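Asks: Shown below is the structure under consideration.
The values are calculated or read from the model by the stated rules, or taken from the named source; none is laboratory data. Everything quoted here is computed from the prediction, not taken from an experiment. We place every Cβ from the backbone using ideal geometry, glycine too, and count neighbours over all the protein chains shown.
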Ligand code: HEM
């Protein structure tokens with residue numbers, strides 16, 4: 001297994017094959033196949049974000065979300081939360097000091113039994129404007145028969161597909177987190193709130209730790225072992241819960257909804273939807289969960305982002321494979 005390629009694969013994304021031939025339309029199967037080429041066959045584990053840890057907690061809403069959405073998530077009652085924090089990529093032994101995205105998945109179960117899922121990354125943007133650009137980027141990272149990745153080809157691909165660059169540049173400029181509980185997570189895609197009258201409001205969600213971000217220093221990135229995040233989280237939670245604010249950035253008319261490689265302007269209105277409190281971690285409570293980002297509660301809808309829509313297919317294939325030991 002080529003770990004360098006794997007770690008890079010986590011940061012990258014694009015539309016054309018290494019040959020320079022554009023994919024007609026990328027499918028979920030194409031992604032599962034390329035993940036297996038990058039990480040090798042990893043029976044029984046997630047094909048993306050293979051390394052991670054389960055946690056549990058609860059969500060306490062403010063009254064702000066109820067002004068935009070009819071969802072029971074925002075009607076004042078608490079929801080239970082099943083969480084999984086993870087390292088990007090299909091490598092179950094990913095190095096936790098590397099410059100790659102960390103991920104979070106949350107399943108909210110509301111008082112009325114309905115559910116809502118989110119899954120986001122520590123990067124505010126994704127490495128590609130379309131599934132095809134992302135797939136092409138991953139393909140440039142597949143090692144040759146000698147196990148070598150042609151990094152000049154990767155760099156060339158990035159230059160030819162500028163929508164792969166904002167995430168790459170962000171990862172160079174921001175060190176990885178010192179804890180899964182001390183970093184911002186971004187929904188990246190646009191979604192819509194829908195209110196009782198059917199009025200839609202576009203938004204992007206993010207989770208912000210109430211005690212602020214804590215990132216690794218360059219020295220810590222060199223010194224720390226490959227695996228420390230799950231133990232660190234358990235130790236932190238033994239002192240008390242960790243809290244995140246769930247926020248929604250409200251989009252304006254000209255903010256694009258179909259390009260996750262592009263952030264909206266910084267000055268957009270931000271509302272606080274509630275507090276996600278993490279109370280314990282380290283059990284197997286998330287093993288059977290598929291954090292499908294399109295499995296949304298009534299009152300929230302997906303946008304026209306093709307990457308967002310495609311994620312459902314890829315996650316379902318991965319879910320089926322891992323549950324059947326493939
Ligand atoms: C075409 C684009 C993408 C593909 C093909 C893809 C594919 C996958 C797959 C196959 C899994 C494993 C699912 C499972 O077995 O349950 C996964 C997990 C995950 N992905 Fe993606 N993904 C894509 C884009 C994204 C984006 C844009 C985000 C963030 C906004 C994201 C965040 C995550 C997270 C947090 C997990 C871990 C969920 C968990 O802990 O179970 N992915 N991805």
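Yes or no, residue by residue, for (1) at pLDDT 95 or above; (2) more than 19 Å from the chain's Cα centre (by Cα); (3) not in a loop (DSSP other than H, G, I, E, B):
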position	(1), (2), (3)
135	yes, no, yes
147	no, yes, no
159	yes, yes, yes
163	yes, no, yes
180	yes, no, no
183	yes, no, no
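Asks: So, in the stretch 294-316, of the ones that are in contact with a helix residue (DSSP H, G or I) (Cβ under 7 Å, 6 or more places away or on another chain) and part of a loop (DSSP other than H, G, I, E, B), which residue ends up nearest to the ligand (Cβ to nearest atom)? Let's see the steps before the verdict.
Replies: First, pick out the residues of the stretch 294-316 that are in contact with a helix residue (DSSP H, G or I) (Cβ under 7 Å, 6 or more places away or on another chain): 294, 297, 302, 306-307, 310, 313-314.
Now narrow it down to the ones that are part of a loop (DSSP other than H, G, I, E, B): 294, 297.
On the way: 294: 12, 297: 18 Å.
Across the stretch 294-316, the extreme among qualifying residues is 294.
Asks: Output the residues belonging to the stretch 103-118 that are out of contact with any helix residue (DSSP H, G or I) (no Cβ under 8 Å at 6 or more places or on another chain) and in contact (Cβ under 8 Å) with a residue 24 or more places away in the chain. Please lay out each step first, then the result.
Replies: Restricting attention to the stretch 103-118, the residues satisfying the condition of being out of contact with any helix residue (DSSP H, G or I) (no Cβ under 8 Å at 6 or more places or on another chain) are 103-107, 109, 113, 115, 117-118.
Correct list: 103, 104, 105, 106, 107, 109, 115, 117, 118.
Asks: Another one. Just to be sure I understand the filter: pairs with C-beta atoms under 7 Å, separated by 6 or more residues or on different chains, first member in the stretch 56-77 and over 18 Å from residue 208 (Cα atoms), second member at pLDDT below 95 and surrounded by 21 or more Cβ atoms within 10 Å (Cβ to Cβ). Which pairs pass?
Replies: none
Asks: Sticking with this one: Does the stretch 254-267 include one or more residues that are in contact (Cβ under 8 Å) with a residue 12 or more places away in the chain and not in a loop (DSSP other than H, G, I, E, B)?
Replies: no
Asks: Just to be sure I understand, how many residues within the stretch 95-121 are touching a strand residue (DSSP E or B) at 6+ places or on another chain (Cβ under 6 Å), outside any strand (DSSP E or B) and surrounded by fewer than 24 Cβ atoms within 10 Å (Cβ to Cβ)?
Replies: 1
Asks: Could you check the stretch 103-123 and list, in sequence order, the residues that are closer than 16 Å to residue 308 by Cα and more than 10 Å from the ligand (Cβ to nearest atom)?
Replies: Matches in the stretch 103-123: 116 only.
Asks: Hey, can you tell me all the residues within the stretch 31-89 that are at positive phi and surrounded by fewer than 21 Cβ atoms within 10 Å (Cβ to Cβ)?
Replies: Within the stretch 31-89, 40, 44, 76 meet the criteria.
Asks: Restricting attention to the stretch 72-94, and to residues there that are assigned to a loop (DSSP other than H, G, I, E, B) and closer than 18 Å to residue 245 by Cα, which single residue is nearest to the ligand (Cβ to nearest atom)?
Replies: At the first step, the residues of the stretch 72-94 found to be assigned to a loop (DSSP other than H, G, I, E, B) are 75-78, 88-94.
If we keep only those that are closer than 18 Å to residue 245 by Cα as well, we get 75-78.
Values: 75: 26, 76: 28, 77: 25, 78: 22 Å.
Here the residue is 78.
Asks: For the stretch 48-69, does any single residue satisfy the condition of being within 14 Å of the ligand (Cβ to nearest atom) and over 19 Å from the mean Cα position of the chain (by Cα)?
Replies: no
Asks: Could you say which residue among 291, 244, 319 is at negative phi, out of contact with any strand residue (DSSP E or B) (no Cβ under 6 Å at 6 or more places or on another chain) and either part of a helix (DSSP H, G or I) or buried (at least 16 other Cβ atoms within 10 Å of the Cβ) (or both)? Give the derivation first.
Replies: Details: 291 fails: out of contact with any strand residue (DSSP E or B) (no Cβ under 6 Å at 6 or more places or on another chain); 244 fails: out of contact with any strand residue (DSSP E or B) (no Cβ under 6 Å at 6 or more places or on another chain).
Step by step, each of 291, 244, 319 is checked, and only 319 is at negative phi, out of contact with any strand residue (DSSP E or B) (no Cβ under 6 Å at 6 or more places or on another chain) and either part of a helix (DSSP H, G or I) or buried (at least 16 other Cβ atoms within 10 Å of the Cβ) (or both).
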